[in-house]
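Visitor: Structure below; questions to follow.
The values are calculated or read from the model by the stated rules, or taken from the named source; none is laboratory data. Computed from a predicted model, the values in this text were never measured in an experiment. For neighbour counting, all protein chains shown are included, and Cβ atoms are generated from backbone atoms with ideal geometry for every residue, glycine included.
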Amino acid sequence: MPAHPELFRRRADVLADDRGSGSPVVFAHGTFMDRTMFDPQVAELTPDYRCVAYDSRARTDAYVGDYDLDDLAADCVELLNGKGIDSCVLVGMSVGGFTALRVALDYPDRVDGLVLIDAPAGPTTEAERDTYERIVADLRESDLVPGTLARQVAERVTSETTHEERPELLETWAERWETYPGDAVANEYESWYDKPGVADRLDEIDVPALVVHGEEDVFDIERAEATADGLPDADLVRVPAAGHLSNLERPAVVTDALRDFLDDVYDD
């Protein structure tokens, strides 16, 4: 059990940006990231939608100890409760998407629609688990995320096109990651990387879904295709020249797809 299991939930307002008005859209970020990763989308959508982007446990030192995706799903629901949101379109990137899937499965009345950004539903491969184990070991040995590791991860999760055309994106995030406690990020990885996926339960999700995936993601596009195929009502958007951070690498493509999806879900 996590230490002080209610502490994060009492801090929900502190850890969330709540902007705009209209039908609610809630954003859950990926490993190493924070709520600001959705700034390009939030800026474009707030004239028409209420956008709530929140930080997970890993971005606060108020939470220590182990947790898993079920805990993160419960955190998301507590955030909805605290914000007075009965149901929403839930947008999750990477582990935020894994979290969103569990919210849709375990709290179906809270989800009007589901958007998975670079977040395939299947389990990680053995090779991927080996990589994450090495990353976690490095993180456990450091008070803060080592600079070398931060830059390796930044390169791994972005496309070659981004490396060439937008190197400042990698550097900005790598510099931020160097300020994170190593144990906090290690706990974040361990919440999901060796856990079973939910590919065999996708047919239980009966809300509209949008699967968005960078064509150069470290999670290959075939896994996104399998996720979209497994959902009863899903469309797949491929993001060219983008890696695992597709909404930051090609923000206009992702924002346009997201707006079209929201307009369909909340069509009056």
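Visitor: Give just the number: which of (1) farther than 30 Å from D229 by Cα; (2) assigned to a helix (DSSP H, G or I) does D109 not satisfy?
Guide: (1) is the only condition that D109 fails.
Visitor: Continuing with this model, one more query. Could you tell me whether region 259-266 includes any residue that is in contact with a strand residue (DSSP E or B) (Cβ under 9 Å, 6 or more places away or on another chain), closer than 22 Å to R110 by Cβ and among the hydroxyl-bearing types (S, T, Y)?
Guide: Yes, region 259-266 contains at least one residue that is in contact with a strand residue (DSSP E or B) (Cβ under 9 Å, 6 or more places away or on another chain), closer than 22 Å to R110 by Cβ and among the hydroxyl-bearing types (S, T, Y).
Visitor: Hey, another quick one. Determine which member of the set V157, V207 is at pLDDT 95 or above, touching a strand residue (DSSP E or B) at 6+ places or on another chain (Cβ under 8 Å) and of a type outside the set (K, R).
Guide: Answer to the check: V207.
Visitor: A further question follows. Does region 65-85 hold any residues that are part of a helix (DSSP H, G or I) and either aliphatic (A, V, I, L, M) or farther than 18 Å from P24 by Cβ (or both), and which are they?
Guide: Once the filter is applied, which keeps residues that are part of a helix (DSSP H, G or I) and either aliphatic (A, V, I, L, M) or farther than 18 Å from P24 by Cβ (or both), region 65-85 yields L69, D70, D71, L72, A73, A74, V77, L79, L80.
Visitor: Pairs under 9 Å by beta carbon, first residue basic (K, R) in region 254-266, partner not in a helix (DSSP H, G or I), six or more apart or different chains?
Guide: The qualifying pairs are R259/D48; R259/Y49.
Visitor: I would also like to ask the following. Could you pull out the residue among A224, A257 that is more than 21 Å from L45 (Cα to Cα) and buried (at least 16 other Cβ atoms within 10 Å of the Cβ)?
Guide: Result: A224 is the single residue among A224, A257 that is more than 21 Å from L45 (Cα to Cα) and buried (at least 16 other Cβ atoms within 10 Å of the Cβ).
Visitor: To continue, here is another question. Which pairs turn up if I take residues in region 59-74 that are of a type in the set (G, A, S) and look for partners that are surrounded by 20 or more Cβ atoms within 10 Å (Cβ to Cβ) and modelled with pLDDT under 90 with beta carbon separation below 7 Å, at least 6 apart in sequence or on another chain?
Guide: Close Cβ pairs (under 7 Å, with a partner that is surrounded by 20 or more Cβ atoms within 10 Å (Cβ to Cβ) and modelled with pLDDT under 90) amount to A62/F8.
Rundown of residues vs (1) of a type in the set (G, A, S); (2) buried (at least 21 other Cβ atoms within 10 Å of the Cβ); (3) under 25 Å from V239 (Cα atoms); (4) without any contact (Cβ under 8 Å) to a residue 12 or more places away in the chain, yes/no style:
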site	(1), (2), (3), (4)
G96	yes, yes, yes, no
D106	no, no, no, no
P146	no, no, no, no
S159	yes, yes, yes, no
T179	no, no, no, no
A184	yes, no, no, no
K195	no, no, no, no
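Visitor: Can I ask one more? Pairs under 9 Å by beta carbon, first residue closer than 27 Å to T131 by Cα in region 216-237, partner assigned to a loop (DSSP other than H, G, I, E, B) and among the hydroxyl-bearing types (S, T, Y), six or more apart or different chains?
Guide: Correct list of pairs: E216/T158; E216/S159; D217/S159; F219/S94; F219/T124.
Visitor: So is D200 under 14 Å from A121 (Cβ atoms), surrounded by fewer than 16 Cβ atoms within 10 Å (Cβ to Cβ) and either over 16 Å from the mean Cα position of the chain (by Cα) or of a type in the set (D, E, K, R) (or both) or not? Give the steps one after another, and end with the answer.
Guide: Details: under 14 Å from A121 (Cβ atoms): yes; surrounded by fewer than 16 Cβ atoms within 10 Å (Cβ to Cβ): yes; either over 16 Å from the mean Cα position of the chain (by Cα) or of a type in the set (D, E, K, R) (or both): yes.
It is true that D200 is under 14 Å from A121 (Cβ atoms), surrounded by fewer than 16 Cβ atoms within 10 Å (Cβ to Cβ) and either over 16 Å from the mean Cα position of the chain (by Cα) or of a type in the set (D, E, K, R) (or both).
Visitor: In the set R102, R140, R134, R110, which member is buried (at least 20 other Cβ atoms within 10 Å of the Cβ) and of a type outside the set (A, V, I, L, M)?
Guide: Step by step, each of R102, R140, R134, R110 is checked, and only R102 is buried (at least 20 other Cβ atoms within 10 Å of the Cβ) and of a type outside the set (A, V, I, L, M).
Visitor: If you don't mind, there's one more thing I want to ask. How about region 53-74: which of its residues are under 25 Å from V145 (Cβ atoms), at pLDDT 90 or above and surrounded by fewer than 23 Cβ atoms within 10 Å (Cβ to Cβ)?
Guide: Those that are under 25 Å from V145 (Cβ atoms), at pLDDT 90 or above and surrounded by fewer than 23 Cβ atoms within 10 Å (Cβ to Cβ): D55, D68, L69, D71.
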